[in-house]
Amino acid sequence: MARSTIRQKMAQAALPAMVLAAVAVGVSMSAPAKASVTMRGSPASMERQYAVAVSEDFTFAETPAAVADLVSKERLVRLPGGADYTLAKVSYPYTRPEVKAFVEDVSAEYRKGCGEQLVVTSLTRPRAEQPGNAHKLSVHPAGMAVDFRISRNSKCQKWFEKALLAFEEKAVLDATRERNPPHYHVAVFPDAYRAFAARNKPAEERPSASPTVLRPKRMPEQPSAPAAPRVGEASRPTAAQPEAAKPSTVLVLISSIALLFLVGWRIAKHHGPG
């Protein structure tokens, strides 16, 4: 009887602890699971990437011809390279527009941060040309992933991994540091990245809520230039204005002699005989 009483008391004492544990488990199971922010890959991350591609209704290219078809339909766009990033041995330099925007945006900041270009090593790959160790849920055939070379500069490695983790924290992409071969695999979530880019667009690029008519600036007044000749009309020099006629030297001399003669004749007449 004593032993039974002791067991009952122990069970009663343990009951609150069991209830609390059950409540804690129930809360943790009912709360939405947050993806862990890490550079380590996992089956869950691959499933998440694949689910996003399916939700976007992306086509998974099976062959090179299928990639070319997506390019012709402008589902995939060319990634040309530039001052901030370059492509190395990329067989199909095409990707989704949002992936292109991400590469251009992050590479510009990367170059400012550590002084070198980002190197893209892979973009869209048809399933027929996937490497042997590729995951069956890979989104490379959908054009939603990009691979980057790992820099030999430890400063650049730290900068880029910190940036990728910050993007992953905002749920706009999923990044993994792969070991064989060494590279960064990044799956960009198109809708999420579009929204993120729109929120973070510089103020001067955002459309105004109440657009105003932009008036052109007044240009400083310039001295009027001579009118250009009409098309097909040969340029002709401006006609010189006629100068005032100058009196001839001979005419002046005759006039002077005549005047002297007239004056002499009058003097002779005045002092003549009489």
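Proximity of backbone amide H atoms, modeled 1.01 Å from N, is registered between Y94 and L79, T124 at under 5 Å, excluding neighbours fewer than 5 places apart on the same chain.
Extending 7 Å from the Cα toward the beta-carbon at both S91 and E161 defines two label points whose distance is 3.0 nm. Ranked by the mean number of other Cβ atoms within 10 Å of their residues, highest first, the peptides 158-164, 194-200 come out as 158-164, 194-200. Here the extension length gained between D69 and N180 equals 36.9 nm, from 0.36 nm per residue of separation less the Cα-Cα distance. Positive contributions from Lys and Arg (+1) and negative ones from Asp and Glu (-1), summed over other residues with Cβ under 12 Å from the Cβ of Y85, come out at -2. With θ taken as phi - 60° and the Karplus curve 6.51 cos²θ - 1.76 cosθ + 1.60 applied, the whole-hertz 3J(HN,Hα) list for the stretch 134-141 is 5, 6, 5, 9, 4, 9, 4, x Hz, x standing for glycine and proline. Centroid-to-centroid, using Cα positions, the stretch 75-99 and the stretch 147-195 are 16 Å apart. Taking only the C-alpha atoms of the stretch 83-166, the Rg (one decimal) and the largest Cα-Cα distance, Dmax (whole number), read 13.2, 38 Å.
Shape analysis of the stretch 65-124 yields a ratio of the Cα radius of gyration to the Kirkwood radius, Rg/Rh, of 1.02. Inter-label distance, T59 to Q117: 3.1 nm, where each label sits 7 Å from its Cα along the C-beta direction. Label-to-label distance for R194 and A51 is 2.1 nm, based on points extended 7 Å past Cα in the beta-carbon direction. Excluding ligands, DNA and RNA, the accessible surface per residue across the stretch 123-199 is 48 Å² with a 1.4 Å probe.
The values are calculated or read from the model by the stated rules, or taken from the named source; none is laboratory data. Treat the numbers as computed from the prediction; the structure is a model and nothing was measured. Here Cβ is always computed from backbone atoms with ideal geometry, including for glycine, and neighbour counts include all displayed protein chains. Each accessible area value is taken on the protein alone, full model and side chains, heavy atoms only, with ligands, DNA and RNA left out. Shrake-Rupley method; radii C 1.70, N 1.55, O 1.52, S 1.80 Å.
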